[in-house]
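A.B. asks: My questions will all concern the structure given below.
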Amino acid sequence: MKIKTRFAPSPTGSLHIGGARTALYSWLFARQHNGQFVLRIEDTDSERSTQESSTDIIDSMQWLNLDWDEGPYYQTKRYDRYNLVINQMLETRNAYKCFCTKKRLDELRKYQILNGEKPHYDGYCRNKYNNQDDDKIHVVRFCNPKEGLVVFDDQIRGPIQYHNKELDDLIIRRSDGTPTYNFCVVIDDWDMKITHVIRGTDHINNTPRQINILKAISAPIPTYAHLPMILDSNGKKLSKRHGVAQVLWYRDQGYLPEALLNYLLRLGWSYGDQEIFSTKSMKQFFTLNTVSKSASTINNKKLQWLNQYYINNLPSEYVASHLQKHLEKNKINIHLGPRLDDIIQLLGKRCKTLKDMADSCRYFYEELNSFDDHSAKIYLNSNSEELRLLLGAVYIKLANIHNWTIEEIQKKITECADILLIHIGKIAMPLRVSVTGQAKSPELYMTIYAIGQERTLTRIENALMYIVNNQDKKEYQKY
Ligand code: GLU
C-alpha cells in the first residue's frame with residue numbers, strides 16, 4: 001500500500017506551531033515510507049477563512065521545508081464534487097432532506113435540555129421523504145446508523161469506540177446548498193486516497209461521524225492518529241492569536257527552520273535521550289505509536305538552545321543565507337564589511353538567534369559614531385598618558401601589518417605588550433572599546449580581523465582623539 005497523508009489546515013489564522021507539528025508528523029510519516037503528502041486548505045468556513053491566512057500557511061510550510069506532492073487543494077473549489085456525492089447519497093437513502101424549522105429545532109433542544117439529555121436531532125424527517133417538498137427550504141442530513149459501535153484503532157491513543165446512539169444525523173448540506181465541513185473532509189480523504197489521517201486531538205469526536213459516512217459510501221477507512229495538544233507555559237491551550245504560537249513569528253525572530261522542526265518533533269515525541277535530529281534521522285527514528293499521549297508544554301529555552309546549536313553546526317553558507325535576510329531588514333549593507341561566515345563564526349557562540357546576531361553586528365559594517373558611555377568611562381578614561389601610549393603603540397604595529405590575518409594581529413598585539421612590559425589584559429579592554437565601541441565583543445583578535453585594517457586604524461585614531469579631548473576637558477576643569 002502506498003502511504004498517503006495530508007495536512008489540512010483551516011485558513012482562519014496564521015499557521016500555529018501546533019498545526020506545524022501536525023504537518024511535520026504527517027509529512028515525516030509519508031516521507032519515511034516513501035509515500036506522498038498532500039496539502040489541503042479547508043476553507044469552507046467563509047466567514048473566518050481568509051486568503052491572507054492561506055498565504056501565511058503556505059509560506060510557513062515552505063519556510064519549514066515541508067514540501068507536498070499534491071495541492072494545495074481548496075475545498076471551496078470542490079463544491080460540485082461534494083454536491084454530486086450528496087445527491088447520490090439522497091438517491092441511495094444514505095441521506096435525507098430535513099425540513100425542520102428553526103423553531104422546531106429550538107423547542108426540541110430546550111425540551112432535551114430540560115429532560116437532562118444531550119441536545120441532538122431526533123430524526124423527525126428521516127423516514128418522511130416526500131418529493132413534493134423538494135422546493136421547500138431544507139438541509140440534507142446523513143442517516144447515521146442507529147445501532148452498534150464505531151471502533152477505530154488510533155495509532156497514538158489505542159482503540160477507541162463510540163456508540164452510534166450518541167451520534168445524531170449530521171447535516172451534510174446546509175439550506176444554502178453548501179456542504180458542511182465534516183462531509184468535505186470525508187470526500188477529500190476518499191478522493192485523495194489518504195491512507196493515514198494524522199491530526200489534532202480536537203478532531204477526535206469527528207472521527208466516528210466521518211467513519212460512518214465513509215462506510216456509507218463504501219470508501220476505504222483510513223488509519224487515524226490524533227496528536228495531543230500543545231500548552232503554553234501556564235498550562236493553557238496555546239491561542240492562535242498569540243505571537244509565540246505562529247510559525248512566521250519564529251522566522252522573524254531569527255530561528256532556523258531546522259531548529260523549529262527539531263523542537264516541534266521533540267514536543268510530544270522522544271527517542272531515548274537524543275535531542276538533535278536532522279531531517280534524515282527524524283525519518284529514520286520517528287514512529288507514530290511512540291508519540292506521547294499527553295499534552296506538551298512549550299519551552300522557549302530549549303528552542304533557543306537548539307537554534308544556537310544549528311547556527312553553529314549547519315554549513316555556514318546556509319546559515320548565512322538566513323542571516324542575510326535579517327541584516328537586510330536592519331538595512332545593513334553586507335558588502336561593506338566581513339563575509340557572513342566570519343560573522344557567524346564570531347557571534348555564533350554568543351547569539352541564540354539570527355536576529356540577535358543581526359542586531360549586534362552593525363559595527364562590522366558601518367562606521368562607529370560613538371563609544372558606549374559607560375564602557376568609555378571605564379576603559380578610555382583612566383591614566384590617559386599611559387593609555388595613549390598603549391593605543392598608539394598598537395596603532396603603529398597594526399598599521400604595519402601587510403598580511404591582515406588573525407595570527408599576525410595577535411602576534412603584533414602581544415609584541416606591544418611585551419615591549420611595554422605590561423600584561424596583555426591591560427591592552428585588551430581599551431582596544432576592544434576603541435574598535436567595537438563597547439566592552440563586550442567576541443574574541444578580540446578575530447573581531448579586529450573581521451572589522452578590517454583600515455577601519456580598525458580609524459577607530460583607534462578616534463579613540464585617541466576621545467582620550468585627548470577628555471584629558472583637555474579635565475585639565476580645563478582644574479582651572
Ligand atoms: N481543518 C482542520 C483544522 O485546521 C483539520 C481537519 C483534519 O485534519 O481532518 O483543524
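A.B. asks: Which count do you get for residues in segment 217-230 that are within 20 Å of the chain's Cα centre (by Cα) and open to solvent by 30 Å² or more (accessible area, probe 1.4 Å)?
C.D. replies: Selection size over segment 217-230: 1.
A.B. asks: Name, by its number, the condition in (1) crowded, with 24+ Cβ neighbours inside 10 Å; (2) more than 14 Å from the ligand (Cβ to nearest atom); (3) among the polar types (S, T, N, Q) that does not hold for residue 62.
C.D. replies: Status for residue 62: all satisfied but (1).
A.B. asks: Further question: Of all residues in segment 1-35, count the ones that are among the β-branched types (Val, Ile, Thr), in contact with a Gly (Cβ under 8 Å, 6 or more places away or on another chain), within 14 Å of the ligand (Cβ to nearest atom) and open to solvent by 10 Å² or more (accessible area, probe 1.4 Å).
C.D. replies: Residues of segment 1-35 among the β-branched types (Val, Ile, Thr): 3, 5, 12, 17, 22.
Then keep just the ones that are in contact with a Gly (Cβ under 8 Å, 6 or more places away or on another chain); that gives 3, 5, 22.
Now drop any that are not within 14 Å of the ligand (Cβ to nearest atom), which leaves 5, 22.
Right, trim to open to solvent by 10 Å² or more (accessible area, probe 1.4 Å) and you get 22.
Count: 1.
A.B. asks: Let me ask another. Just name the residue that is farthest from residue 155 (Cα to Cα) out of those in segment 42-59 that are under 18 Å from the mean Cα position of the chain (by Cα) and within 11 Å of the ligand (Cβ to nearest atom). Break it down stepwise before answering.
C.D. replies: Quick first cut of segment 42-59, residues under 18 Å from the mean Cα position of the chain (by Cα) only: 52-59.
Applying the additional criterion that residues be within 11 Å of the ligand (Cβ to nearest atom) yields 53, 57.
Working: 53: 30, 57: 26 Å.
Ranking the qualifying residues of segment 42-59, first place goes to 53.
A.B. asks: How many of the residues making up segment 300-330 are open to solvent by 70 Å² or more (accessible area, probe 1.4 Å) and among the aromatic types (Phe, Trp, Tyr)?
C.D. replies: Final tally of qualifying residues: 2.
A.B. asks: Further question on the same structure: (1) within 15 Å of the chain's Cα centre (by Cα); (2) modelled with pLDDT of 95 or more; (3) open to solvent by 10 Å² or more (accessible area, probe 1.4 Å): which one isn't true of residue 78, the others all being true?
C.D. replies: Going through the list (1) within 15 Å of the chain's Cα centre (by Cα); (2) modelled with pLDDT of 95 or more; (3) open to solvent by 10 Å² or more (accessible area, probe 1.4 Å), residue 78 breaks only (1).
A.B. asks: Another question about this same structure. What are the pairs with Cβ atoms under 7 angstrom where one residue, in segment 218-236, is in contact (Cβ under 8 Å) with a residue 60 or more places away in the chain and the other, located anywhere, is assigned to a loop (DSSP other than H, G, I, E, B) and among the charged types (D, E, K, R)? Sequence gap at least six, or different chains.
C.D. replies: 226/157; 228/293
A.B. asks: Right, another one. Scan segment 156-182 residue by residue and report those that are surrounded by 14 or more Cβ atoms within 10 Å (Cβ to Cβ), part of a strand (DSSP E or B) and away from the ligand (no atom under 16 Å from the Cβ).
C.D. replies: Selection gives 162, 171, 173.
A.B. asks: Would you confirm, using the coordinates I've provided, whether residue 195 is within 16 Å of the ligand (Cβ to nearest atom) and open to solvent by 10 Å² or more (accessible area, probe 1.4 Å)? Even if it seems obvious, please write down each step before you answer.
C.D. replies: Working: within 16 Å of the ligand (Cβ to nearest atom): yes; open to solvent by 10 Å² or more (accessible area, probe 1.4 Å): yes.
The answer is yes for residue 195.
A.B. asks: Within segment 367-394, track down each residue that is open to solvent by less than 60 Å² (accessible area, probe 1.4 Å) and farther than 17 Å from residue 469 by Cβ.
C.D. replies: Within segment 367-394, 390, 393, 394 meet the criteria.
A.B. asks: Still on this model: Given the conditions (1) open to solvent by less than 50 Å² (accessible area, probe 1.4 Å); (2) of a type outside the set (Phe, Trp, Tyr); (3) touching a His at 6+ places or on another chain (Cβ under 9 Å); (4) away from the ligand (no atom under 14 Å from the Cβ), and given that residue 185 satisfies all but one, which numbered condition is not satisfied?
C.D. replies: (4)
A.B. asks: Of the residues that make up segment 281-299, is at least one in contact (Cβ under 8 Å) with a residue 12 or more places away in the chain, surrounded by fewer than 13 Cβ atoms within 10 Å (Cβ to Cβ) and of a type in the set (Lys, Arg)?
C.D. replies: Checked segment 281-299: no residue is in contact (Cβ under 8 Å) with a residue 12 or more places away in the chain, surrounded by fewer than 13 Cβ atoms within 10 Å (Cβ to Cβ) and of a type in the set (Lys, Arg).
A.B. asks: So which helices (runs of 4 or more DSSP H) stay within segment 36-136 end to end and still have 3 or more residues that are closer than 28 Å to residue 7 by Cα? Full working, then the answer.
C.D. replies: Numbers: elements: 51-63, 79-91, 102-114.
Of the helices (runs of 4 or more DSSP H) lying wholly inside segment 36-136, those with at least 3 residues that are closer than 28 Å to residue 7 by Cα span 51-63, 79-91.
The values are calculated or read from the model by the stated rules, or taken from the named source; none is laboratory data. Nothing here was measured: the structure is a model prediction, and the numbers come from that model. Glycine also receives a Cβ, built like all others from the backbone with ideal geometry; neighbour counts cover every protein chain displayed. Remember, those area values only see protein heavy atoms, side chains included, never the ligands or the DNA or RNA. Shrake-Rupley method; radii C 1.70, N 1.55, O 1.52, S 1.80 Å.
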